[in-house]
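Chemist: Sharing a structure here in structure tokens format.
Just so you know, all these numbers are worked out from the coordinates, no wet-lab data involved. This is a predicted model, so every value here is computed, not measured. Cβ sites come from the backbone with ideal geometry, for glycine too, and all protein chains shown count toward neighbours.
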Amino acid sequence: MFFAVIVAAGKGERMNVAVPKQYLPLFDKPIIAHTIEAFERSPLIQEIVVVIHPDHEDIFVKRVLKQFCFKKFRKYVFGGDTRQESVYRGLEVLRERKKDFVFIHDGVRPFVTESIIERCAERVQETEAVCCAIPCVDTVKFSEDGNTIEKTLDRKKIWRAQTPQVFRVSLILEAMEKAFQDGFYGTDDSSLVERLGKKVALVLGAENNIKITTPFDFIRAEEILRWEKRIC
Ligand code: CTP
Ligand code: MG
């Protein structure tokens with residue numbers, strides 16, 4: 001069975017607006033509602049856990065839970081100071097589902113598609129760990145000090161990680177607990193599994209599966225909705 005943990009407990013500081021970015025209305029609904037709906041639409045997903053910031057409980061209940069009729073929504077829990085802690089709090093809800101699989105997804109990536117979810121679900125059953133990513137189109141430079149370039153990396157070997165990242169529940173719990181013990185904080189979930197020496201499979205994401213981080217991304221998000229002809 002497949003579960004989803006959607007993390008939305010961040011403060012959205014880089015967006016620089018008063019409303020936390022996950023609650024900004026994108027056309028007809030808050031960003032987070034688009035994201036939850038994307039998982040609702042996939043017949044593969046059984047249940048959805050949403051991780052929110054404790055200060056956002058009112059806005060989440062009023063503007064999201066009460067406005068939309070989510071059939072697979074199981075519960076919300078409060079996140080922590082880092083994304084990694086927030087993911088862990090969501091995973092704790094699934095502690096009894098060790099043999100099942102969990103999609104970990106950013107609440108501010110509303111354009112995840114059914115086909116991405118299908119590709120991940122298919123692959124994770126063979127590999128236990130997948131990371132959705134896209135090939136890098138830019139030439140990538142490595143610089144130790146941010147002033148001069150040490151070398152140019154081979155672009156063909158560079159992938160930009162996205163979410164969802166999908167794991168067997170027992171494996172990601174083990175990886176997270178080891179990371180916390182070691183005081184390691186990664187910028188994604190896959191890196192914690194990589195540290196265990198376990199192979200993580202790459203699954204093709206999509207250019208449009210953006211993480212809404214800055215005001216510019218918000219404009220892109222509106223353009224993507226228009227492109228998908230969801231708004232005119
Ligand atoms: N997130 C979370 N808990 C945290 C930090 C982040 O659940 N302590 C979530 C965010 O809500 C977001 C996702 O992780 O859905 C990706 O994080 P990011 O884009 O960095 O969001 P924020 O941390 O909210 O933004 P910023 O870093 O600009 O403050
Ligand atoms: Mg952040």
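Chemist: Does region 1-49 classify as rounded, prolate or oblate by the C-alpha gyration tensor (a ≥ b ≥ c root eigenvalues; a/c under 1.5 gives rounded; else a/b over b/c gives prolate, otherwise oblate)?
Modeler: oblate
Chemist: While we're on this one: Amide H neighbours of V140 under 5 Å, at least 5 residues apart or on other chains, H built in the peptide plane: list them.
Modeler: For V140, whose amide H was placed from the backbone, the distant partners under 5 Å are L153, R155.
Chemist: May I ask you to evaluate 6.51 cos²θ - 1.76 cosθ + 1.60, the Karplus curve with θ = phi - 60°, for each residue of region 209-226 and list the ³J(HN,Hα) values in order in whole Hz, giving x for glycine and proline?
Modeler: Karplus-based 3J(HN,Hα) across region 209-226 equals 7, 7, 9, 7, 10, 10, x, 4, 5, 5, 5, 4, 4, 5, 5, 5, 4, 5 Hz.
Chemist: Work from the charge dipole of the chain (Cβ charges, +1 for Lys and Arg, -1 for Asp and Glu, about the Cα centre) and give the residue of A129, I116, G80 farthest towards its positive end.
Modeler: Towards the positive end, the residue furthest out is I116.
Chemist: Let me ask you something else. Past 24 Å, Cα to Cα, is the threshold; run K29/K72; K11/K66; K11/K141 against it and keep the listed order.
Modeler: Listed pairs above 24 Å: K11/K141.
Chemist: Straight-line reach only, C-alpha to C-alpha below 20 angstrom: list the aspartates and glutamates that K75 could link to, leaving out same-chain residues fewer than 8 apart.
Modeler: E37, E40, E47, D55, E57, D58, E85, E92, E96, D100, D106
Chemist: Using a cut-off of 14 Å between beta-carbons, work out the net charge of the residues near S86 (Lys and Arg +1, Asp and Glu -1, S86 not included).
Modeler: Net charge in that neighbourhood comes out at -4.
Chemist: I've got another one for you. HN-Hα J couplings of region 46-55 from phi, Karplus 6.51/-1.76/1.60, θ = phi - 60°, integer Hz, Gly and Pro as x?
Modeler: Once θ is set to phi - 60°, the couplings for region 46-55 become 8, 9, 10, 10, 10, 9, 10, 7, x, 6 Hz.
Chemist: Among S190, L225, F167, whose Cα lies farthest out toward the positive end of the dipole of the chain, if unit charges sit on the beta carbon of Lys, Arg (+1) and Asp, Glu (-1)?
Modeler: With unit charges placed on the Cβ atoms, the residue in question is L225.
Chemist: Same structure, new question: May I ask for the longest run of the chain untouched by trypsin sites (Lys or Arg not before Pro) that are loop-located per DSSP and have at most 13 neighbouring C-beta atoms (other than their own) within 10 Å?
Modeler: 100-198
Chemist: To continue, here is another question. Between G205 and residues 5 or more places away or on another chain, which pairs have amide H atoms under 5 Å apart, with H built 1.01 Å from N, and which residues are they?
Modeler: Under 5 Å from the amide H of G205 lie the amide H atoms of A133, I134, each far enough along the sequence or on another chain.
Chemist: Continuing with the same structure: Quick check on region 132-198: take the gyration tensor over C-alpha atoms, sort the square-rooted eigenvalues as a ≥ b ≥ c, and tell me if it's rounded (a/c under 1.5), prolate or oblate.
Modeler: Verdict is oblate for region 132-198.
Chemist: Kindly write out, for region 112-128 in residue order, the coupling ³J(HN,Hα) from the Karplus curve 6.51 cos²θ - 1.76 cosθ + 1.60 (θ = phi - 60°), rounded to whole Hz, with x marking Gly and Pro.
Modeler: Each residue's phi maps through the Karplus curve to give 4, 9, 4, 6, 4, 4, 4, 4, 5, 4, 5, 6, 5, 5, 8, 10, 6 Hz.
Chemist: What are the GluC sites (Glu not before Pro) within region 145-232 that DSSP puts in a loop, where the Cβ has at most 14 other Cβ atoms within 10 Å?
Modeler: Answer in residue order: E150, E207, E228.
Chemist: Considering only DSSP beta bridges whose two residues both sit in region 125-232, what percent are antiparallel, to the nearest 5?
Modeler: Just about 65 percent of them are antiparallel.
Chemist: When the Cα centres of region 142-217 and region 1-54 are compared, how far apart do they sit, in Å?
Modeler: Comparing the Cα centres of region 142-217 and region 1-54, I get a distance of 20 Å.
Chemist: Compare N16, N208, N147 in a GNM of the chain, Cα atoms joined below 10 Å, and give the one with the largest fluctuation.
Modeler: Looking only at N16, N208, N147, the biggest GNM fluctuation is shown by N147.
Chemist: For the chain, rounded, prolate or oblate, judged on the Cα gyration tensor with a ≥ b ≥ c (square roots of eigenvalues), a/c < 1.5 rounded, else prolate if a/b > b/c?
Modeler: Cα axes put the chain in the rounded bin.
Chemist: Another question, if that's okay. Report, for the chain, the % of DSSP beta bridges that are antiparallel, rounded to 5.
Modeler: Here the share of antiparallel DSSP bridges comes out near 40 percent.
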